[in-house]
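The values are calculated or read from the model by the stated rules, or taken from the named source; none is laboratory data. Everything numeric here is computed off the predicted structure, so don't read it as measured data. No Cβ is skipped: glycine too gets one built from the backbone with ideal geometry, and neighbour counts run over all protein chains shown.
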Amino acid sequence: MAKNLISVVDDDGAIRRTTSFLIESFGFRAASFESAEDFLKSDVLSDTSCLIIDMQMPGMNGLQLQSELVAASCHIPIIFITAFDDAAARERAMKAGAVAFLSKPFNDEELLQTIRLALRGKSELIGSLIAVVDDDESILRTTTFLVESFGLRAAAFRSAEAFLKSDLLVETSCLIADVRMPGMNGLELQKELAATGCHIPIIFITAYNDKASRDRAMQAGAVAFLSKPFKDEQLLQTVRSALRAGDSGTKTGG
């Protein structure tokens, strides 16, 4: 079988070269373009299995290229890359079907995992709602942003009590919960969910290295116990494991 062709569209020559090199080191073919217009005119458009696009470029920008492809019924999986944190642009891109929205600089593993996700068509993730429960507003915002950048839906809650009262509880495919919170903590939330027969896969996050809490959480069926700060690709891989655990009715340790 021919290797998948990954096309890179970025006006920054250094980014094009580095990204193309990474793609080829993963075993894929790579083609690079300085502009969206050049890509649209190329003879590799129909051969492209995945498209990596810079968000901000002279002439046609990344979102405009995405719209152009959708209008032409050309449904190439798209990964956006950007040096700018623009929530509105990210939301627009993801709603239009983008696979992911990566911030520059991204690392090798993060790019590889995202390309693999794009080539699989997001089948194991599509439609999933990830709930994040954390009393730290900064962590809540950052983690929610990361979840959405993977192409997932996210819902944020500042307390376990707020999550339990929400109408999204039954829709939640995976729960990311802080261990230590005012009021009901993460372990108490896990116990409450289990007591009501609600077996949502849970990923615990914590700034404290507490072996007793970790052991208790994992023995009660948690998917993973991540230490803050965690890497983007670490969270993505853990969420994927959680969703597979939810689908199969099993839990995996971490």
## Note on the structure
In the set Val223, Val239, Val179, the lone residue that is surrounded by 19 or more Cβ atoms within 10 Å (Cβ to Cβ) and over 21 Å from the mean Cα position of the chain (by Cα) is Val179
### Message
So, restricting to strands (runs of 3 or more DSSP E) that lie completely within the range 21-109, which ones have at least 1 residues that are within 22 Å of the chain's Cα centre (by Cα) and of a type in the set (A, V, I, L, M)?
### Response
48-54, 78-82, 100-103
### Query
Conditions: (1) surrounded by 20 or more Cβ atoms within 10 Å (Cβ to Cβ); (2) closer than 24 Å to Ser138 by Cα. Leu193 meets all but one. Number of the miss?
(2)
## Note on the structure
With the first residue restricted to the range 158-172 and required to be basic (Lys, Arg), and the second required to be assigned to a helix (DSSP H, G or I), Cβ contacts under 7 Å at 6 or more apart or on different chains are Arg158/Leu140
#### Entry: Options Ala242, Ala224, Ala217, Ala207: the member that is in contact with a Pro (Cβ under 6 Å, 6 or more places away or on another chain) and assigned by TED's automatic domain parsing to the domain that holds Cys174
Ala242
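If you check Arg92, Arg141, which single one turns out to be among the basic types (Lys, Arg) and more than 17 Å from Gln56 (Cβ to Cβ)?
Every option except Arg141 fails the conditions.
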### Query
What is the number of the single condition among (1) surrounded by fewer than 16 Cβ atoms within 10 Å (Cβ to Cβ); (2) modelled with pLDDT of 95 or more that Lys3 does not meet?
(2)
### Query
When residues of the range 199-222 are filtered for being touching a residue at least 40 places away in the same chain (Cβ under 8 Å), among the aliphatic types (A, V, I, L, M) and part of a loop (DSSP other than H, G, I, E, B), how many remain?
1
### Message
If a residue must be loosely packed, with under 14 Cβ neighbours inside 10 Å and in contact with a helix residue (DSSP H, G or I) (Cβ under 6 Å, 6 or more places away or on another chain), how many such residues does the range 60-107 contain?
### Response
1
